[in-house]
Amino acid sequence: QDNVKKFRKRHRIRVYGTDIPNPFHSFSDLHNIYEFQPYLCKNLDSAGYKQPTPIQMQAIPIILHGRDVMAMAPTGSGKTLAYILPILHDLNSHKKIGYRALIISPTRELAKQIYIEFKKMCVGKKFKICLLTKATAATQAQDPHLKQKFDILISTPLRLVHAISQDNIDLKNVQHLVLDEADKLLELGFLDQTDEIFAACSNIKLQKYLFSATLPSGVESLANNFMKDPIRIVVGLKNA
Ligand code: ADP
Ligand code: MG
């Protein structure tokens with residue numbers, strides 16, 4: 001445990017909560033300890049990702065252990081991959097039961113980037129990922145079978161709430177819910193959309209993750225209101 005403390009300190013990782021899983025050290029640990037499938041390791045390699053970033057080291061094991069996470073790390077520190085990897089590992093492979101992971105992103109541009117990063121990590125697997133837009137929402141409205149086709153959904157809050165209200169989207173099998181760039185989500189008025197979205201994600205096995213670059217009080221209360229015994233991670237110098 002002393003070594004773990006030193007390791008966290010060296011990487012400027014601070015953690016708060018109960019029964020906190022240890023950080024992992026290198027991407028090969030994901031294969032050796034967590035039995036990640038070879039395709040994931042291959043795709044990490046192809047992307048040129050050699051070493052995990054601190055937020056990845058600490059957030060990934062926590063998600064893999066089934067816990068809720070509230071993660072704070074500076075812009076550019078690799079938060080996207082910190083949830084993509086454990087989600088793909090847990091989903092295991094494509095299933096025809098509908099969305100099992102939902103990523104909420106503040107803007108269309110960021111949502112698109114998340115989509116591209118997912119695609120990059122999925123090479124060699126048959127996962128189906130939907131980036132919800134006016135066009136893809138309309139297609140799914142026309143063909144009810146499409147609802148079962150996708151594993152992962154990425155959307156902005158308003159687009160998602162609209163699809164839910166039109167009954168175009170089924171979120172009852174969602175097991176992983178990510179609020180990405182939560183500080184920005186709140187700035188854009190996300191609290192007005194939370195009720196509909198959380199109500200639609202009715203699976204009792206739902207895990208929730210909140211990622212943010214900063215920690216305004218709104219993010220803290222969002223975590224307190226919606227998460228179950230979350231582990232908090234703070235990476236970097238802020239509030240040191
Ligand atoms: P954040 O969401 O924290 O602002 P991103 O997830 O957008 O950061 O990542 C920033 C950049 O770092 C991206 O270009 C991404 O491809 C790259 N990146 C992520 N993880 C790693 C890693 N382990 N090694 C090298 N580059 C990485
Ligand atoms: Mg980000």
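A few comments on the model shown:
- The residues of the chain expose, per residue, 49 Å² of accessible area to a 1.4 Å probe.
- Accessible heavy-atom area order of Tyr39, Tyr49, highest first, probe of 1.4 Å: Tyr49, Tyr39
- Multiplying each eigenvalue of the alpha-carbon gyration tensor of region 104-153 by 5 and taking the square root yields semi-axes of 19, 16, 7 Å, largest first, rounded to whole angstroms.
- Extension gain (nm, one decimal) between Ile97 and Lys134, 0.36 nm per residue minus Cα-Cα: 11.0 nm
- Whole-number D in µm²/s for the chain (Stokes-Einstein; Kirkwood sum over Cα pairs; 25 °C, 0.890 mPa s): 135
- Between region 133-193 and region 1-41, the alpha-carbon center distance in angstrom: 31
- Along principal axes, Cα extents of region 135-232, largest first, whole Å: 41, 28, 19
- Mean Cβ count within 10 Å, highest first, over the residues of peptides 222-234, 188-200: 222-234, 188-200
- Entries in Lys79/Lys205; Lys42/Lys96; Lys50/Lys126; Lys9/Lys112 that, when Cα-Cα distance is taken, lie over 28 Å: Lys9/Lys112
- Across region 139-220, the relative contact order, built from alpha-carbon pairs under 8 Å that are at least six residues apart, equals 36 percent.
- Of the residues Lys96, Lys184, the one with the largest accessible area comes first in the ranking Lys96, Lys184, computed with a 1.4 Å probe on protein heavy atoms.
- Carbon plus sulfur fraction of accessible area for the chain, probe 1.4 Å, in percent: 52
- Taking the inverse of the mean reciprocal distance over all distinct Cα pairs, the Kirkwood hydrodynamic radius of region 180-236 comes to 12.2 Å.
- Considering only Asp45, Asp183, Asp90, the Gaussian network model of the chain with Cα springs below 10 Å gives its largest mean-square fluctuation to Asp45.
- About the Cα centre, charge dipole magnitude for region 144-240 (Lys/Arg +1, Asp/Glu -1 at Cβ), debye: 320
- Only helical runs count toward this figure. For the chain, summing -39,500 (n - 2.57) over DSSP H runs of n ≥ 4 and dividing by all residues gives -12500 deg cm²/dmol at 222 nm.
The values are calculated or read from the model by the stated rules, or taken from the named source; none is laboratory data. The structure displayed is predicted, hence computed values, not measured ones. Backbone-built Cβ (ideal geometry, glycine too); neighbour counts: all protein chains shown. Only protein heavy atoms, including side chains, enter the accessible area calculation; ligands, DNA and RNA are left aside. Shrake-Rupley method; radii C 1.70, N 1.55, O 1.52, S 1.80 Å.
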